Amino acid sequence: ALFPPSTYGALFALVWLSYLASDGLSEIVGQLVGKQKLRVWGIGEVNRKSVAGTWACFLGSLAVCLWLVHANGLGHAWVGLAIAISLSNTFFELFSPRGTDDFTMASANALLCWAFGTFVL
């Protein structure tokens, strides 16, 4: 096992809650207050994302991840994982082709947690 059983709940939440928070917040904030648009190429189309939605994605994910690290009493290395997951969520929310961000964000989060357990812990 890569992780102690006491961290399984936190890992699950880091993968899924951070993704759900970032995906939801980017959509809501982007639609409500996003004025400045970014053009992002998808599969055969150009997606329009907002700067406000992109920041909401990162900050929402980071807030959830840091809260999980703090609430579970995890060490400083886990803060690095929280930042990496938040950056990954933002990257894949921004650059995944339309409709694929759910898969890419969750998969990337799981792979980051696996790499963290393999190489850091």
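The values are calculated or read from the model by the stated rules, or taken from the named source; none is laboratory data. No experiment lies behind these values; they were computed from the predicted model shown. All Cβ positions, even for glycine, are placed from backbone atoms using ideal geometry, and neighbour counts span all protein chains on display. Areas reflect the complete protein model, heavy atoms only, side chains present, ligands, DNA and RNA absent. Shrake-Rupley method; radii C 1.70, N 1.55, O 1.52, S 1.80 Å.
No other residue among Trp114, Trp67 is surrounded by fewer than 22 Cβ atoms within 10 Å (Cβ to Cβ), assigned to a helix (DSSP H, G or I) and either touching a residue at least 12 places away in the same chain (Cβ under 8 Å) or among the acidic types (Asp, Glu) (or both) apart from Trp114. Lys35: basic (Lys, Arg), modelled with pLDDT under 95 and surrounded by fewer than 14 Cβ atoms within 10 Å (Cβ to Cβ), yes or no? Yes, satisfied. Those residues that are in a helix (DSSP H, G or I) and crowded, with 19+ Cβ neighbours inside 10 Å, I need them from the range 84-105; list them, please. Across the range 84-105, the qualifying residues are Ile85, Ser86, Ser88, Asn89, Thr90, Phe92, Glu93, Asp101, Met105. Remark: pairs (first residue in the range 26-39, free of Cβ contacts under 8 Å to residues at least 60 places away in the same chain and more than 19 Å from Asp101 (Cβ to Cβ); second residue open to solvent by less than 100 Å² (accessible area, probe 1.4 Å) and in a helix (DSSP H, G or I); Cβ separation under 7 Å; 6+ apart in sequence or on different chains) = Val33/Ala52; Gln36/Val51.
Specify the residue that is farthest from Ala115 (Cα to Cα); the eligible residues are those in the range 1-19 that are modelled with pLDDT of 95 or more and aliphatic (A, V, I, L, M). Step by step, filter the range 1-19, then rank; the result is Leu17. Could you list, in sequence order, all residues of the range 38-53 that are assigned to a helix (DSSP H, G or I) and open to solvent by 30 Å² or more (accessible area, probe 1.4 Å)? If the condition is that a residue be assigned to a helix (DSSP H, G or I) and open to solvent by 30 Å² or more (accessible area, probe 1.4 Å), then Val51, Ala52 are the ones that fit. So which of Thr90, Thr7 ends up being under 23 Å from Val120 (Cα atoms), polar (S, T, N, Q) and in contact with a Cys (Cβ under 7 Å, 6 or more places away or on another chain)? Within the list Thr90, Thr7, the selection yields Thr90.
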